[in-house]
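Enquirer: Please find one structure pasted underneath; my questions will follow.
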Amino acid sequence: MSTNIYRYEVRVRWKSVLIWTFALASLLFIFMALFPSFSAEAAAMNEMMANFPPALKSAFGISNLDLSSVLGYFSFCMVFCQLCFAIQASNYGFGLVSVEENEMTADFLLTKPVSRSNVLRSKILAALTSLLATDVLFWLMSYASIVLFREGKPYELKILLLLLGSVVVFQLFFFFVALAISQLVRRVRSVTPYSLGLAFGAYVLNAFAGIFGDVKLEYLTPFKHFDTAAIVLDGHYNLPLVLLEVGVIILALGFTWLRYARRDIPTSV
């Protein structure tokens, strides 16, 4: 690993990490601040939820979920946080190696006495450090929000840890898939359309899977692999789907490694 490349990549992402952390903190605290109201009207809330169309509840992942419980409500909030995590990880994946190509500065980097594999390794580790920093801050904010707004209601720490731990693999999926896709595109001029397309596309597939009950769609979207409502209800991960996600991550990393080593990269010359 090149220490200089790693430090530079981490440094340029700190502003992004802080922005995403602030956005997630704001979203989470706004949602959790409403929990006391939901909890106070538990009977009315559950009756209202029972009257919702099953397709609508499935689309938002709230079927058979008690929003008056601490973790039931928190898992509902997590769905929207997952969307933010997906966009952030996709942004980092699409922009990891395409930024030099887009700015026509790849020749400056690749003519240094550092191998391509070393460059890629340093960049990946820097991006993973940034994602992990976001995750750790999110874990702290999640615990703080639950402590502040749970109104003395109990919750299972094990289930909370499962929900928070799912964020890591969830982000790795979007990061490495986006990185692999970026190797198939001649030049990524802007990462935003690609990252939004990947994140919202996976989210829409998740909604369709809930509406139509098509089991096959579960294999296509990580929102189903780490269904927050299912984690709360079952108390564990869906192991086959999680292993599928890990397999996709490994394949995406392997493809990127081989493709980047042999790819013709545009330069300023």
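Enquirer: Pick out the one residue from VAL215, VAL168, VAL147, VAL136 that is over 21 Å from the mean Cα position of the chain (by Cα) and modelled with pLDDT of 85 or more.
Expert: VAL147
Enquirer: Please find, within the stretch 228-267, the residue that is modelled with the highest pLDDT out of those that are outside any helix (DSSP H, G or I) and touching a Ser or Thr at 6+ places or on another chain (Cβ under 9 Å).
Expert: Across the stretch 228-267, the extreme among qualifying residues is TYR237.
Enquirer: Can you tell me which residue in the stretch 54-92 is modelled with the highest pLDDT, limited to those that are part of a loop (DSSP other than H, G, I, E, B) and more than 19 Å from TYR203 (Cβ to Cβ)?
Expert: SER69
The values are calculated or read from the model by the stated rules, or taken from the named source; none is laboratory data. Worth saying up front: this structure is predicted, and the values here are computed from it rather than measured. Ideal geometry is used to build each Cβ from the backbone, glycine not excepted, and the neighbour counts take in all protein chains shown.
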